[in-house]
1. Pop the C-beta distance of LYS113 and ASP47 into the FRET formula with R0 = 22 Å and round what comes out to the nearest 0.05.
2. List, in order, the whole-Hz ³J(HN,Hα) value for each residue of the stretch 104-110 obtained from phi through the Karplus relation with A = 6.51, B = -1.76, C = 1.60 and θ = phi - 60°; use x for Gly and Pro.
3. Keeping all protein chains in place, calculate the accessible area per residue for the chain (probe 1.4 angstrom), answer in Å².
4. Restricting to Cα pairs below 8 Å that are 6+ residues apart, what does the relative contact order work out to for the chain? Please round to a whole percent.
5. Return the carbon/sulfur percentage of the accessible area of the chain, one whole number, probe 1.4 Å, all protein chains in place.
6. Which of ASN82, ASN25, ASN98 moves the most in a Gaussian network model of the chain with Cα springs under 10 Å?
7. What number of lysine-lysine pairs in the chain show an alpha-carbon separation below 17 angstrom, given a sequence spacing of 8 or more or placement on distinct chains?
8. Not counting the cut sites, what is the longest span of the chain without trypsin sites (Lys or Arg not before Pro) that DSSP labels loop and that have at most 16 other Cβ atoms within 10 Å?
Amino acid sequence: MSVIKDEDKLLSTIKRIDQKIEKINDQKIIAFFESLGLTEREDVPKDFLSWETILIVVPDRHISHELKYYKYSISRLFFVTNPYADQIHIYDFNEWKNSTRNKTQLQIREILKTNYGGVKKPHTDSH
């Protein structure tokens, strides 16, 4: 005999509550992106809520530190600092995982130079 009186009812209740939590978290993500000005930018994909996890690429550690609180208070966000990026960008985290799987730190650094917000800095000679 089970300790739980009606397990099916409990599981369906938990599922309904989880769906409400997901919708509220989506609202947090939208509010966060609006505050960063991301929803107004043409280069930002509009279907980001359909991604399982959203990769947020920030250009430096100062911005990363400033946004650290939101990393912990909003689910489904993952942050990466890309010193080659000129601004904040978002991507599907699964694409990031696929492109960095089995790569060394050096190889990942090379990927960041031209991908995930990376803008190759023009080489300037001081001569």
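1. 0.25
2. 7, 4, 4, 5, 5, 4, 5
3. Spelled out: the 1.4 Å probe surface of the chain, per residue, equals 74 Å².
4. About 22 percent, as a whole number.
5. Carbon and sulfur: 53 percent of the exposed surface of the chain.
6. Highest fluctuation among the options: ASN98.
7. Lysine pair count for the chain: 10.
8. Numbers: sites that count: LYS5, ARG41, LYS46, ARG76, ARG101, LYS103, LYS120.
My reading of the result: 6-40 is the longest stretch.
The values are calculated or read from the model by the stated rules, or taken from the named source; none is laboratory data. Values in this document were obtained by computation on a predicted structure and should not be read as measured data. Cβ: placed from backbone, ideal geometry, glycine included. Neighbour counts: every protein chain shown. To get the accessible areas, we keep the full protein, side chains included, count just its heavy atoms, and leave off ligands, DNA and RNA. Shrake-Rupley method; radii C 1.70, N 1.55, O 1.52, S 1.80 Å.
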